[in-house]
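Novice: Got a structure here, written out as structure tokens. Questions coming.
The values are calculated or read from the model by the stated rules, or taken from the named source; none is laboratory data. Note that the structure is a prediction, hence the values are computed from the model and not measured. Glycine gets a Cβ as well: all are built from the backbone with ideal geometry, and neighbour counts include every protein chain shown.
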Amino acid sequence: MKQIEDLINKALKDLELTQVDFSVEHPKEESHGDYSSNVAMILAKQMGKNPRELATKIVEQIYKGPSLAKTFEKIEVAGPGFINFYLKPAVLREKVEQIVMDKWEKPLKGKKYSVEYTDPNPFKEFHLGHLYSNLIGESIAKIFEANGATVWRGDFYGDVGMHIAKSVWGMRQKMEKEQVSLSDLAKLSIKERQNYMGQGYALGVNKFEEDEKIKEEIKDINYMVYVASQEVLVKNRGWKPLVDYRQYLQGHEADYPKIREIYQAGLAWSLEYFETYYKRLGTKFDGYYPESWVGEVGLGVVEDGLQKGVLELGEEGAVIYRGEQDGLHTRVFRNKMGLPTYEAKDLGLVKAKYSEFPFDYSLNIFGKEIDEYYKVVKKALEQIEPELGKKQEHLAHGMVNLPTGKMSSRKGNVITVEWLLNEARDQALKLIKNEQMSDEKKLEVAEQVGQGAVKYALLKSNVGENVTFDFGQSVSFSGASGPYIQYTYARAMSVLRKADTLRETPLKSLQGSLPNSEEMSILRWIYRYDEAVIQAGVEKAPNVIAQYLYDLAQRFNTFYNGTKIAGDSERLWLTQAVAKVLKSGLGLLGIQAPEEM
């Protein structure tokens, strides 16, 4: 595209025509060429000239320039004045080689990117909403890496706050009523323990709203949780507390040891539980950021904000940011008791991540329900820490629902990731009919296909949209689904195995006869892969990769069904190129590519 833009700009200069902003794009109809520009129509509108005549002059001038014989088959004027460029098959082959050998120019090479995602809350079960954030974040991290960046994966989790206090209160009530001890719970499976804590949370939430006395009890537990969390920070991080939470224990000293015991056990169990899912999903975080830690870090940022006049003292000593001055709304960053609010914690989160990984760019991924809230946090950060603020962005994603409707932790109708992945795996297992495959191998492939179904279904839509996950559409070997693309990859690998052309040596572009229409369709799609990866990185949009792979799979299956591949070196080369790109692209979505299905 850059080369074509340069050719056009040089022609405009040589013709002494005005330089204008124009586009160079892939035309929707491939019969209209590989690239198309609207420069003549833009220019004609300004000059009051005939666009086709202007386009013809520009093309003639381009042909007077450097030799184009090695690059373009032809350049022609079409329609009302589009200029269409047709690349030579040999150029397409060369470009495909660069892509499958991963030798294309990486725009983020040398950059350090931080991506924060998933962010589950301890004491709750890992549900579909957490999974969605995880899949988006992991895919974007991989896309950034494919563009050349070094990526730091961060996980921010709420280890303190009223949600934890409600969970601890609910667990304590259940344990006393059912005469269950922590040692009894420790004997349960990870899943059973987390389910128990989830029940405790649901109980705490409901009673908090129904009973004023219980509400006050939970508020007291909240302070005890903060003290207990500080003890964890001191032990695990060597942290020196900046806030004296112990002053709020007055009158509850006798109760604190039991609360601490429940909290610290539940926290450790939760983090262990989350790691089982991260391992299953293929996520490995570089940094973990508990809310208790970043809250204290955030207080330092709040103090800086006060000194710089960005933040101000409000009623009763609270520290606020008046967002109305920026078209936003007012938020409290330190409450009247001198304690950090969630806003302060988010400020501290940025500082904490930067202290461990001095990034050039940082992306936070979370649900769009807090989108407006975070705009205020970012605006405050930009004024308190300008250099850090301009490096920080957020991406707000939609909600995930099932066809039956919305989920809710408080109502207890949460779909857990455990159930979802197991169900997808079991349904995929029914589709695998390969009798030569062992039962163990079938289960392994079914896990890969089941995850492929879930991941593709959730990533194929625009990140900002709500998503409805449907098993019938997702766990299928047809249509826009993960299993369909995985099956296409396995099909290509089967062809290569039978032809004995599987090898790790570099692909060599063959100069055979002019490819037929099906082959050209594949060539014209593979060479765009790097563009799709760059676009997905710029737009932070895994759906760009998902759509690209579906289109490539469709093209290959048309080619496979209508062309004899065996015995033709050029077609086997093309098949191998398709396989490599499909595997690479699936990897960017966090999806494995089984070679047999």
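Novice: What pairs come out if I take residues in the stretch 321-332 that are farther than 15 Å from ILE384 by Cβ and pair them with residues that are of a type in the set (Asp, Glu) and buried (at least 16 other Cβ atoms within 10 Å of the Cβ) whose C-beta lies under 9 Å away, six or more apart or interchain?
Specialist: Sorted first by the residue in the stretch 321-332, then by its partner, the pairs are VAL332/GLU343.
Novice: With without any contact (Cβ under 8 Å) to a residue 12 or more places away in the chain, farther than 28 Å from TYR117 by Cα and over 31 Å from the mean Cα position of the chain (by Cα) as the only criterion, which of GLU261, GLU212 stands out?
Specialist: On the way: GLU261 fails: without any contact (Cβ under 8 Å) to a residue 12 or more places away in the chain.
Result of the check over GLU261, GLU212: GLU212.
Novice: What is the residue count in the stretch 10-56 for residues that are in a helix (DSSP H, G or I), free of Cβ contacts under 8 Å to residues at least 40 places away in the same chain and either farther than 30 Å from ASN516 by Cβ or of a type in the set (A, V, I, L, M, F, W, C) (or both)?
Specialist: Here is the first cut: in the stretch 10-56, the ones in a helix (DSSP H, G or I) are 10-14, 30-32, 39-47, 51-56.
Subset that is free of Cβ contacts under 8 Å to residues at least 40 places away in the same chain: 13, 31, 42-47, 51-56.
Next, only the ones that are either farther than 30 Å from ASN516 by Cβ or of a type in the set (A, V, I, L, M, F, W, C) (or both) stay: 13, 42-47, 51-56.
The total comes to 13.
Novice: Additional query: Scanning for something closer than 30 Å to PHE156 by Cβ, at pLDDT 90 or above and crowded, with 16+ Cβ neighbours inside 10 Å, does the stretch 424-438 turn up at least one residue?
Specialist: Taking the stretch 424-438 as the starting set, the residues that turn out to be closer than 30 Å to PHE156 by Cβ are 424-425.
So of that shortlist, the ones also at pLDDT 90 or above come out as 424-425.
Subset that is crowded, with 16+ Cβ neighbours inside 10 Å: 424-425.
Checked the stretch 424-438: at least one residue is closer than 30 Å to PHE156 by Cβ, at pLDDT 90 or above and crowded, with 16+ Cβ neighbours inside 10 Å.
Novice: Another question, if that's okay. Taking the stretch 189-198, which residues are over 17 Å from ARG172 (Cβ atoms) and either free of Cβ contacts under 8 Å to residues at least 60 places away in the same chain or acidic (Asp, Glu) (or both)?
Specialist: Result: SER189, GLU192.
Novice: So which of THR56, THR18 is surrounded by fewer than 17 Cβ atoms within 10 Å (Cβ to Cβ) and in contact with a strand residue (DSSP E or B) (Cβ under 8 Å, 6 or more places away or on another chain)?
Specialist: Working: THR18 fails: in contact with a strand residue (DSSP E or B) (Cβ under 8 Å, 6 or more places away or on another chain).
Step by step, each of THR56, THR18 is checked, and only THR56 is surrounded by fewer than 17 Cβ atoms within 10 Å (Cβ to Cβ) and in contact with a strand residue (DSSP E or B) (Cβ under 8 Å, 6 or more places away or on another chain).
Yes/no matrix, rows are residues, columns are (1) buried (at least 24 other Cβ atoms within 10 Å of the Cβ); (2) touching a Leu at 6+ places or on another chain (Cβ under 7 Å):
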{"residue": "GLU97", "(1), (2)": "no, yes"}
{"residue": "PHE123", "(1), (2)": "yes, no"}
{"residue": "PHE126", "(1), (2)": "yes, no"}
{"residue": "ASP155", "(1), (2)": "no, no"}
{"residue": "GLY158", "(1), (2)": "no, no"}
{"residue": "MET162", "(1), (2)": "no, no"}
{"residue": "ALA165", "(1), (2)": "yes, no"}
{"residue": "GLY170", "(1), (2)": "yes, yes"}
{"residue": "GLN173", "(1), (2)": "no, yes"}
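Novice: Does ALA149 satisfy the criteria of being under 30 Å from GLN3 (Cα atoms) and buried (at least 22 other Cβ atoms within 10 Å of the Cβ)?
Specialist: Numbers: under 30 Å from GLN3 (Cα atoms): yes; buried (at least 22 other Cβ atoms within 10 Å of the Cβ): yes.
Answer is yes for this residue.
Novice: Do you know which of the residues in the stretch 536-578 that are small (Gly, Ala, Ser) and closer than 20 Å to ALA453 by Cβ is nearest to the chain's Cα centre (by Cα)? Lay out the reasoning, then the answer.
Specialist: Start the filter on the stretch 536-578 by keeping residues that are small (Gly, Ala, Ser), which leaves 536-537, 541, 546, 553, 562, 566-567, 569, 577.
Now restrict to residues that are closer than 20 Å to ALA453 by Cβ: 546, 553.
Values: ALA546: 12, ALA553: 22 Å.
Looking at residues that are small (Gly, Ala, Ser) and closer than 20 Å to ALA453 by Cβ, I get ALA546.
Novice: Considering only residues that are without any contact (Cβ under 8 Å) to a residue 60 or more places away in the chain, surrounded by fewer than 22 Cβ atoms within 10 Å (Cβ to Cβ) and outside any helix (DSSP H, G or I), which ones fall in the stretch 279-320?
Specialist: GLY309, GLU312, LEU313, GLY314, ALA318, ILE320
Novice: Would you be able to say whether some residue in the stretch 248-255 is in a loop (DSSP other than H, G, I, E, B) and on the phi > 0 side of the Ramachandran plot?
Specialist: Residues of the stretch 248-255 in a loop (DSSP other than H, G, I, E, B): 250-255.
Remaining after also requiring on the phi > 0 side of the Ramachandran plot: 251.
The answer is yes; a qualifying residue exists.
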